[in-house]
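This report concerns only the one structure given below.
The values are calculated or read from the model by the stated rules, or taken from the named source; none is laboratory data. For clarity, every value in this text was computed on a predicted model and none was experimentally measured. All Cβ positions, even for glycine, are placed from backbone atoms using ideal geometry, and neighbour counts span all protein chains on display. SASA here: full protein model, heavy atoms, side chains in, ligands and nucleic acids out. Shrake-Rupley method; radii C 1.70, N 1.55, O 1.52, S 1.80 Å.
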Amino acid sequence: MKIGGLTCHPLQRLVNIHLGSITAIIGLTIPAALFIGLHMGIDVVPGLEIEEAILLTVTLIVAMLTFQSARTNVLRGVVYLVLLFVYVILNFD
């Protein structure tokens with residue numbers, strides 16, 4: 001498929017749609033829950049231990065750094081695998 005002189009591979013289009021839907025879910029659900037909790041006077045507690053909160057923060061920072069650049073490489077993939085390994089270790093500890 002050609003879009004404006006650029007070819008778009010069907011797999012790339014599928015990945016883009018997937019990432020867009022994930023971003024919409026995360027980007028809209030969490031603020032909506034916080035907004036509803038604020039207006040109903042309910043404290044919204046994420047239920048994360050300190051280690052899990054730190055891991056979530058590091059993952060979000062790495063994701064921001066990954067999406068800022070136009071290209072990715074093996075090292076960034078390894079960083080995500082290390083984060084996944086730490087997550088698994090924390091779950092089964």
Breaking point among (1) of a type outside the set (Phe, Trp, Tyr); (2) in contact with a Phe, Trp or Tyr (Cβ under 7 Å, 6 or more places away or on another chain); (3) in a loop (DSSP other than H, G, I, E, B), for GLY47: (2)
Which pairs turn up if I take residues in region 65-86 that are within 21 Å of ILE50 (Cα to Cα) and look for partners that are assigned to a helix (DSSP H, G or I) with beta carbon separation below 6 Å, at least 6 apart in sequence or on another chain? VAL79/VAL62; LEU83/THR59
From (1) over 18 Å from the mean Cα position of the chain (by Cα); (2) at pLDDT below 85; (3) of a type outside the set (S, T, N, Q), pick out the condition that doesn't hold for ALA70. (1)
Hits in region 60-88 (condition: farther than 16 Å from ILE26 by Cβ, out of contact with any helix residue (DSSP H, G or I) (no Cβ under 8 Å at 6 or more places or on another chain) and open to solvent by less than 90 Å² (accessible area, probe 1.4 Å)): SER69, ASN73, GLY77, VAL78, VAL82, VAL88
